[in-house]
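Chemist: Attaching a single structure in structure tokens format; questions to follow.
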Amino acid sequence: MEEISNKTLAILLIAAIVISLGGTLISLNRLARIRIPMITGLYGEPYEAEIALTITALVQVNFTTDTINWGSGTVKTGYDFCVLNSYDSSIGANCTDFTPQTAGLVLENIGNKNVTLNITMQKNAADFIYPTGAVCQWNVSNLDPGSCPGIALTPGAWQTCAATAVVVCNSTGGGFLADDASDTLNFDVLVQIPSAAVGSKSNVMTASAAAI
Amino acid sequence: MMAIKPKRTALFVSLLVLSLILIKPVYAVGIYFPNDNEIDFKPGLEKTFNFAVTPSNMDVKLSVSGYLSEYVTLSKTLIRFNSTDRAFKVMIKLPEKIENPGHHKLWIAAEEVIDESKIGGNIGTSCNAMVYILIHVLNPGKYVEMSLSAPDVEINEPVNFAVNVKSFGEEDINSIKAAIDVYSPNNEKLATVYTDDKPLKSNTEETLYAQLDTKGYSAGTYRAVAELNYDGKTKQDEKKFKIGELNIKIINYTKEFEKDKINKFDIEIESGWGNKIEDVYSKIKIDDEVIETPRTGLSPWEKKTITAYWDTNNVETGFYDAEMTIYYNDKTTVETGRVSVVEKKEALVEKPGVMGLSMTTMLILIIILLIIIDIIWIFKKRGSERKQKRRKK
């Protein structure tokens, strides 16, 4: 085996340093999500110290699983419609070629404040898929137990996709919690595609979080 | 040729690592806002609050809504997704007079402007965040808001009631005083206790205290109703409180089991005691067989599920009596329930788990790998240099 040159070693060392620095930067960047705009250490009498610390409040929810993509496919010949959902490892019996989806949308409260939560869909079923015979529904469930103690909807109960806001977590029981152990909700989606529907279809679920 | 390969590999690894470093996680929009987000109305008051939005994949539209929103100006109404300046100011200039007294919320909203080109899949997502500035507008005359607190206690311990009173009126109050009526679990009035008497200045708050002697009261949930009298006007608030005893109740338990299987036998229990109870466990006797739960502790008034396992192999389907005994502090709670064993249901197929490798984990692995490679090469190089030196000698 040929000798490794000093140059190669130097490149590898630089790469290692860059990685270490990069890792540190990323860690600091993540820590920076908890903003501390003012940290003051006041040194007074010997052996005395005072630290003033203000942690800024943050209202933020984030979809950690942010898309559902069944890809492209068709309704089997001879059938009026087929049904796709986000939780089944097999596609609907009357569907062909679509990609089954086994995970719904996952929403996490990544801020440090409990919030109320509303959900709106950009389009209803008619605008989303086809004017007649189409269905678009979603439901909510606690992914972390107790994430929304005063949940305003029955977990798992289907809601019709609509552009008007649906209250999911109200302030009863603290709303959608920011506590890391219980701050995640799951949203499953179900669509019924009539055989007459063609073309690319997309819809957007919007989560609106308001400070309590 | 051989010398080029490690160089290429090193370059590839460096590029890969750099690209990983440059991937900055971007979340949906959020709003940073000050903790002191409340102001008391004063005629013509001007105040500026500093806010900021978090990085977002999409442009962010800023808006303000709510009563008094006409007196608010935002320094920006749109923040582009690629803008590094994410801060904005909320400038409030209140009028000389506000018609409606009360606590008014001014809502500041950050909404992602949906850009379909950035949304993948058939169902995409976006997020909005809303925070508020609270403006307190005093009521004309004398006006208060109150809240009663009534802590849970052990049996025979006194209850210390506290009545917090906030003045939201323009006029000072000469005297605030509360009478607290206590009702039994059967809703019979048991006692009335009185707080001290204090004056209350406009836009300030005070807490009034009173103590209830509970000697002779049995364990249970009681109700306290406080009536506040402030210069001839009254206001009420009520709270429930518990007087506890060392007792654990069985709330619920598993009632159906599958045949030929090791089943979980859950028992939901609740502590009626205001201190921690250690070493709680249950023995369950079913048809001459005894199963036992692990030992656990219960926090004050805690509800918990304790679990035993029942092997129903060779157990016939049908109904059985289950005698559940909870053991704690030399006491027991016994309840007998009816449970059933049914034919095994079709097994659910469990989804295989996916082990995710986070970016940090990947970076750590790459660093470790590179360090190991470096160390090996350094030692090899030294070895070969020594060999060469020996040859020269």
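Chemist: Normalising by the residue count of the stretch B:66-188, find the relative contact order in percent from Cα pairs under 8 Å and 6+ residues apart.
Modeler: Details: 140 pairs, mean separation 24.0, N = 123.
Across the stretch B:66-188, relative contact order equals 20 percent.
Chemist: Name the cysteines of the protein assembly as shown that stand alone by the Cβ rule: no other cysteine Cβ under 4.7 angstrom.
Modeler: By the Cβ distance rule, which asks for a partner under 4.7 Å, the isolated cysteines are B:Cys127.
Chemist: For A:6-12, what's the mean count of beta carbons from other chains sitting within 10 Å of each residue's beta carbon? Let's see the in-between values first.
Modeler: Numbers: counts 1, 4, 10, 7, 1, 7, 11.
Mean shielding count: 6.
Chemist: Would you please calculate the Kirkwood hydrodynamic radius of the stretch B:113-228 over all C-alpha pairs and express it in Å, rounded to one decimal? Could you put the intermediate results ahead of the total?
Modeler: On the way: mean 1/r = 0.0561 Å⁻¹.
Across the stretch B:113-228, the inverse of the average 1/r is 17.8 Å.
Chemist: Using unit Cβ charges (K, R positive; D, E negative) and no other charged atoms, how large, in debye to the nearest 20, is the dipole of chain B about its Cα centre?
Modeler: The calculation lands at about 4340 debye.
Chemist: Give the dimensionless ratio obtained when the Cα radius of gyration of the stretch A:91-178 is divided by 2.2 N^0.38 Å.
Modeler: On the way: Rg = 15.3 Å, N = 88, 2.2 N^0.38 = 12.1 Å.
Output field value: 1.27.
Chemist: Taking Rh as the Kirkwood radius computed over C-alpha pairs, what is the Stokes-Einstein D of the stretch A:135-212 at 10 °C in a medium of viscosity 1.306 mPa s, expressed in µm² per second? Walk me through the numbers on the way to the answer.
Modeler: Numbers: Rh = 13.9 Å.
The Stokes-Einstein estimate is 114 µm²/s.
Chemist: Follow-up. For the stretch B:219-244 and the stretch B:295-315, write down the distance between their C-alpha centroids in whole Å.
Modeler: 38 Å
Chemist: Right, another one. Give me a single rounded figure for B:126-137: the average over its residues of other chain Cβ atoms within 10 Å of their Cβ. Don't skip to the answer; put the middle values down first.
Modeler: Working: counts 9, 11, 9, 12, 8, 9, 4, 0, 0, 0, 0, 0.
Other-chain Cβ atoms within 10 Å of each residue's Cβ, averaged: 5.
Chemist: With no solvent and one point per C-alpha, what does the Debye sum give as log10 I(q)/I(0) for the stretch B:211-345 at q = 0.10, 0.18, 0.21, 0.22 Å⁻¹?
Modeler: Debye output, listed in q order: -0.47, -0.97, -1.17, -1.23.
Chemist: Whole-Hz ³J(HN,Hα) for each residue in the stretch B:159-173, computed from phi via Karplus 6.51 cos²θ - 1.76 cosθ + 1.60 with θ = phi - 60°, x for glycine and proline: what do you get?
Modeler: Once rounded to whole Hz, the list reads 9, 9, 7, 9, 10, 8, 10, 10, 8, 10, x, 6, 9, 5, 10.
Chemist: Right, here's the next one. With springs only between Cα atoms under 10 Å, which of B:Asp288, B:Asp40, B:Asp181 fluctuates most in a Gaussian network model of chain B?
Modeler: Its mean-square fluctuation being the largest, the pick is B:Asp288.
Chemist: Please report the equivalent ellipsoid semi-axes of the protein assembly as shown, computed as sqrt(5 x eigenvalue) of the Cα gyration tensor, largest first, in whole Å. Numbers along the way, then the final one.
Modeler: Working: eigenvalues 515, 322, 219 Å².
Sorted largest first and rounded, they come to 51, 40, 33 Å.
Chemist: Then there is this: Using only C-alpha atoms and all pairs of different ones, pull out the Kirkwood radius for the stretch B:283-332 in Å with one decimal.
Modeler: Working: mean 1/r = 0.0780 Å⁻¹.
When all Cα pairs of the stretch B:283-332 are included, the Kirkwood radius is 12.8 Å.
Chemist: Okay, next question. What distance in nm separates the simple spin-label points at B:Glu188 and A:Val198, each placed 7 Å from Cα in the Cβ direction?
Modeler: Taking the two extended label points, one gets 8.1 nm.
Chemist: Next question. Which number comes out as Rg/Rh for the stretch A:151-195 once both Rg and the Kirkwood Rh are worked out on C-alpha atoms?
Modeler: Working: Rg = 13.5 Å, Rh = 12.8 Å.
The Rg/Rh ratio comes out at 1.06.
Chemist: Find the percent of Cα-Cα distances in chain B that exceed 36 Å, and round it to a whole number.
Modeler: Values: 49573 of 77028 pairs.
Taking all Cα-Cα pairs of chain B, the fraction more than 36 Å apart is 64 percent.
Chemist: At 222 nm, what value in deg cm²/dmol follows for chain B if DSSP H runs of at least 4 each add -39500 (n - 2.57) and the sum is divided by all its residues, to the nearest 500? Each step should come with its number before you reach the end.
Modeler: Working: 2 runs with 53 residues, N = 393.
Only helices count here, giving -5000 deg cm²/dmol.
Chemist: Given the Cα-Cα distance of B:Asn314 and B:Ser75 and 0.36 nm per residue of separation, how much length would full extension add, in nm? Walk me through the numbers before you get to the answer.
Modeler: Values: separation 239, 0.36 × 239 = 86.04 nm, distance 7.52 nm.
Result: 78.5 nm gained on full extension.
Chemist: With the crude spin-label approximation of a point 7 Å out along Cα→Cβ, what separation in nm comes out for B:Lys303 versus B:Met91?
Modeler: For the pair B:Lys303/B:Met91, the computed spacing is 5.3 nm.
Chemist: Could I ask something else about it? Report the local net charge at B:Ser75: Lys and Arg +1, Asp and Glu -1, summed over other residues whose C-beta lies under 11 Å from its C-beta.
Modeler: Values: positive: B:Lys76, B:Lys89; negative: B:Asp85.
Overall, the nearby charge balance is +1.
Chemist: Also, I was wondering about something else. Taking each residue of B:32-40 in turn, how many C-beta atoms of other protein chains fall within 10 Å of its C-beta, and what is the average?
Modeler: Values: counts 10, 6, 4, 4, 1, 2, 0, 0, 0.
Per residue, the number of nearby Cβ atoms from other chains is 3 on average.
Chemist: Further question on the same structure: Give me the distance in nm between label points sitting 7 Å out from Cα along the Cα-to-Cβ direction at A:Asp80 and A:Ala165, one decimal.
Modeler: Spacing of the two 7 Å Cα→Cβ label points: 3.7 nm.
Chemist: Compare the peptides B:367-374, A:146-153 by average per-residue count of other Cβ atoms within 10 angstrom and give them in order, highest first.
Modeler: On the way: B:367-374: 15.1, A:146-153: 19.1.
Going by the mean number of other Cβ atoms within 10 Å, highest first, we get A:146-153, B:367-374.
Chemist: Jot down the per residue volume, in cubic angstrom and as a whole number, of the convex hull over the alpha-carbon atoms of chain A.
Modeler: With only Cα atoms used, chain A gives 246 Å³ per residue.
Chemist: How far, in nm, would the chain grow between B:Glu289 and B:Asn50 when pulled straight, counting 0.36 nm per residue and subtracting the alpha carbon separation?
Modeler: Details: separation 239, 0.36 × 239 = 86.04 nm, distance 6.78 nm.
Once the chain is fully extended between B:Glu289 and B:Asn50, it gains 79.3 nm.
Chemist: What net charge is computed for the residues neighbouring B:Pro101, neighbours being all others with C-beta under 13 Å from the C-beta of B:Pro101, Lys and Arg scored +1, Asp and Glu -1? Please report the intermediate quantities before stating the final value.
Modeler: Details: positive: B:Lys97, B:Lys142; negative: B:Asp40, B:Glu99, B:Glu145, B:Glu170, B:Glu171.
So the environment of B:Pro101 carries a net charge of -3.
Chemist: Which residue fluctuates most in the GNM of chain B (Cα springs below 10 Å): B:Gly121, B:Gly272, B:Gly102?
Modeler: Most flexible of the set in this elastic network: B:Gly121.
Chemist: Then there is this: Output the peptides B:259-271, B:62-74 sorted from most to least packed, where packing is the average of other Cβ atoms within 10 Å over each peptide's residues.
Modeler: Details: B:259-271: 17.2, B:62-74: 15.7.
For the peptides B:259-271, B:62-74, the packing ranking is B:259-271, B:62-74.
Laboratory data are not the source of any read-out in this text; all were calculated from the coordinates shown. On a predicted model such as this, the values are computed, not experimentally measured, just so you know. A quick note on method: Cβ atoms are made from the backbone with ideal geometry, for glycine too, and the neighbour counts reach across all protein chains shown.
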